[in-house]
Each structure stands twice: as structure tokens, then as C-alpha cells.
Amino acid sequence: MSNLEDLYREIILDHYRNPRNRGELVTPPAHKAEGFNPLCGDEITVYLQVENDTLVDIKIAGHGCSISQSSASLMTAAVKGKPLETVRGTIDTFKQLMTVHETSLDTEVEPEPVNLRALGELAALQGVVKFPVRIKCATLAWNTLTQGLNDLS
Amino acid sequence: MHERPIVYLDTAATALTPRIVIESMQRYYETYHSNVHRAVYVTAAEATEAYEEARIAIGRFIGAPHPADELIFTHGTTESFNLLAKSWGRANLTSSDVVVLTEMEHHANLVPWFQLRDEIGFEIRFIKVTDDFRLDLSNLNELLRGAKLLSVTGMSNVLGTINPIAELAAAAHAAGALIAVDGAQSVAHGVTNVAGLDIDFLAFGAHKMLGPTGIGALWVRRSILDSMPPFLGGGGMIADVSLNGFSAAAGIAKYEAGTPPIAEAIGFHTAAHYLESLGMEDIAAYEHQLTDSLLEQFATRFPERIRVIGPTTMEMRGGVVSFDVEGVHPHDVAQVLDQFGVCVRPGHHCAKPLMKRFSLAATARASFGPYSDESDIETLMTALDDAVRLFG
């Protein structure tokens, strides 16, 4: 049986209660991307300010459960001020963390270990994969960020 | 998966299936599995008889005066509304017409009308919902002026509100409109009598009334059927087909193209019979008592924390209870409850306009069936204590 403590780590609850980088940016110059989870009604808006291939600022608006909100908050803390190449690398690593479960089910081959150290605080979200229906909550902000970056490039 | 027994409080999504229902379907598959309305051999005749008996029994269950000729089997409530919109609606509505719906409808009674409006261009008006979770009938006659149809839920799948259908039917008819009722929730939890209510259409599904998934029905007042062309095309719904075209079958058959859900019709019949043997009035009274108990426990054990999104008194109210735990998102509530084996539904319950009306993205929802009991409520309360403790 999966433990709730695996899902609701203290760091996740902290980011849910005290979300970082919450708010809006003026568009333009900032760009905004919207994401929806049609199953549960969660909505998220990611505001991006990109200058010289660097994500100089990011803000999150919208509403959702503790997993979607804390994942968004942790994401902003991880990518703010970083070069776009690093941002994309972090997105890839995070998505890999979220797909470990499915990959191992499909192939029975041990998946490539995810570099948890590279993820820093984001590693707190690894418990989500034990609750498959919540993976969509955790990835909502990240998919919306990806969409925003794709819009810009 | 779970170390604890399941505490099922999600009957409004789908009801648990009694063994007798499963066995009746199994018996069909094992002993007289044949297609209906086609062959002359014995088991085919038995299957046809069982299918048509199901139609009559389910028609009687809702008080249909002519059950053999008025009850169309569909794949569920959603398809029933699509049939209503695409058959009756397309043939009877024009761009100058009006359809009246309400703010508390399930998407199944909204989207088919939006689709048809986008095609034809009629006007859709909405009966508002008051702050105390009832239909605002103060301007009903004004809304119904010039309307051809009022389509309304018998019982909200979010609020638990039971609507005054007989009163609405009288008002609709006085204004020259027909009335369709979404019985998805109401049919399973109390007595339904289409003749007594004087309604024109009733859409409902088997799986919310202890039956199988994949089957439902649209009951249509017999005199209206003449104005309803066929819905889906294919086998079973025709009188004749040539390379030049087709002519539709007479009667109810023209709305049932293709092989129908036969085993499911048999299971549906068994479920209706089982409910009748329990007694719909007794089921209503029992669930009334459980709902009253749940509302009281919310009020006494979580007075500052839990807000019920729906009526807090039992007048015109069914056993569907949406609630908001302050500071805890419904998904997280449901996740913690799952650890206790408690099944509730988080989300917008396919009623996004209603959610917006109350500035909510989602609620958690507990709902009762005839198999629910007080111990389910007790486990729910224990689990909610834990959710509140975890999220502070």
C-alpha cells in the first residue's frame, strides 16, 4: 500500500501553502500560456519573461490541488533566471521522473535512473508516480511551460 | 490494493451491482445468447421476449401508460438526450424557437442543445439557481414565453436538490412548451411516475439504478413519437432498404439501430425489479435518513471547516452531498479518503456552469445508495479528521 506520506511530503505541503512566484506579468512583453486539466477542472496560467535566451521571470496564476500547485511552485523556483537550454533540460528530467512508473510497467526493463540530485527540491515529487491518477496534476504546470516555450521559439 | 474494506459513497457516479443482476446477464450469455428480432429458433425467440419484457417492465417502473410503445432503449442518459435533441429537436425547432434549460444541468443536458443550436440557431434561456441551491422560479413564466421545450434535471447530481417537476410541467404546458426531465439521479432514489408528473420525455440510465453500464432509456409520450424521425441509421430501424434509399420501421424500432445491448436490457430489468422489491418509497425514506445524518455530522463535527454545496435541510433533497473542506482541495480530500477505503468523487461532476455559478472549480461529493449505512458515514468522518489534520 502506498503511503500518503510519500505523496504529501512536507516540502510539497509547504509549496502548496506558500506558493512561490505566484501572480501575473504584463503581456506583452511577457508571454502567457494556459493549461487545463479537463477531468478535475484545474486551471493554470504560466507567465514567461524571456530575454537573451534566459527565462528572467516566471509567474503562476490559476487554481488546483496541492500536487498541481506545489509542482508549479517548485517548477518556478527551479527554472527562474536560468538559460532556456537549462530550463528545457530540467523539464526533460522532471518528465522522466514522472514517467518512470509507466516505463517500468511496460517493459519490465529497469528504466534509466533519474538524476535526483539534478532535480534538487523537485525530487520531493517523485512519490506522485505511486499515485498514477495524480501524475496529470503534477505535470500540468510543466506541460503549460513547455507549451509557452514552444510558442516563443 | 486496499487493506481496508471499501466504503462506497459514489453511487451518484455509478451504483454497485447486486449479484442477482449479474446472474441474470450471465444466464442470458450461458443459456440463450442470441440476437433479437431476427431469427426464428428457440433461443432467439427467448432473447427477443426477454428484451421486450425488459422494455415493458422498465416502462412500468417509471409509470409509463404504454410501456411497449414509448420506451426507447439507448446507451445511457447521455445518448437519450442526444436522441431527443437530434430527433425531436432537429425536426421541431427552428431559428426563432426557444429552449429553456437550467444552470444546474449536467453537461449531458447542455451540450446536445448547444450542438443543435450551433446548427439551427435557436435561443437557449436558463433558469437561474438561487443562493440556497434551488431553481429560481420567480421569472419562470417570462422564461417560458415562446418556448418549445423546457429540459430540466429531476435531481441535481451536484447539489442533491430535487426539483418540483410537476409544477414545472404544468408551467411548461401552460406556455405551450413540452418538458423533458433528466432522471439519471432521481429515478434510482424515489418513485417516478411520468403520467402523474405529466411530463413528455424522461431520460435515465441503468447503471445509476443498480443495473449494468451501457444501457439507458428515453421515455417519450406516445403522441409525440409521430413528430420524431429516426435517430441513428442501420439495421433494425428500417422497414425497407433498396439502392434508392430506405423507409423507417414503424414504432419504437426506428430509434434502435443495430444490435441493442441485450444482456444489459435483461440486467436493467432485473435491477428495476430488485429496486421495486425493496420499495422505492422505502429506499427514498432510508436515504433521506442517511443524508440527514451526514448533514448533521458535518455541522456538528466540522462546523468551521466543511461547507455543504447544496441544501442543508432535507426538504426536496436527495442523497447526493457535495462539500468543500476549507483549505483542502477536493482532489486531496479524495486522496486522503481513499487511504481509508472511502470512495468519494472529486471534480466538477460534469456541471461546469453550476460550479462557476458558485465560484468553485470542484467539490468533493458523497452519495448514497440503498446499500449505504451509518458506518459508512462514521468512516467518512474519521477519514475527514485525518485530511484536516494532514493539511492543517
>> Going by what's in this entry, would B:HIS331 be described as within 13 Å of chain A (Cβ to nearest Cβ), touching a Ser or Thr at 6+ places or on another chain (Cβ under 9 Å) and without any contact (Cβ under 8 Å) to a residue 24 or more places away in the chain?
In response: no
> Do any residues in the range B:109-136 that are at positive phi have Cβ atoms under 6 Å from those of residues that are surrounded by 15 or more Cβ atoms within 10 Å (Cβ to Cβ), where the two are at least six apart or on different chains, and which pairs are they?
Replying inline: B:PHE133/B:LEU159; B:PHE133/B:THR161; B:PHE133/B:GLY310; B:PHE133/B:PRO311
> Which of the helices (runs of 4 or more DSSP H) contained wholly in the range B:12-111 include at least 3 residues that are under 24 Å from the mean Cα position of the chain (by Cα), buried (at least 17 other Cβ atoms within 10 Å of the Cβ) and of a type outside the set (D, E, K, R)?
Replying inline: B:19-31, B:42-61, B:77-83
> Among (1) surrounded by fewer than 18 Cβ atoms within 10 Å (Cβ to Cβ); (2) at pLDDT below 95; (3) away from chain A (no Cβ under 14 Å), where does B:THR300 come up short?
Replying inline: (2)
> Applying the selection to the range B:1-31, what residues are under 19 Å from B:GLY214 (Cβ atoms) and of a type in the set (Phe, Trp, Tyr)?
Replying inline: B:TYR28, B:TYR29
> Taking the range B:351-361 as the search range and keeping residues that are in contact (Cβ under 8 Å) with a residue 24 or more places away in the chain and touching an Asp or Glu at 6+ places or on another chain (Cβ under 8 Å), which one is nearest to B:ALA188 (Cα to Cα)?
Replying inline: B:ALA351
> Checking B:MET209 against (1) touching a Ser or Thr at 6+ places or on another chain (Cβ under 7 Å); (2) touching a residue at least 40 places away in the same chain (Cβ under 8 Å); (3) hydrophobic (A, V, I, L, M, F, W, C), which test does it fail?
Replying inline: (1)
> Looking at (1) at positive phi; (2) among the small types (Gly, Ala, Ser); (3) away from every other protein chain (no Cβ under 14 Å), which is the only condition B:ALA263 fails?
Replying inline: (1)
> Which ones in the range A:124-153 are among the polar types (S, T, N, Q) and part of a helix (DSSP H, G or I)?
Replying inline: A:GLN126, A:THR139, A:ASN143, A:THR144, A:THR146, A:GLN147, A:ASN150
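The values are calculated or read from the model by the stated rules, or taken from the named source; none is laboratory data. Quick caveat, the model's predicted, so the values are computed rather than measured. Note: ideal-geometry Cβ built from the backbone for every residue, glycine included; neighbour counts use all protein chains shown.
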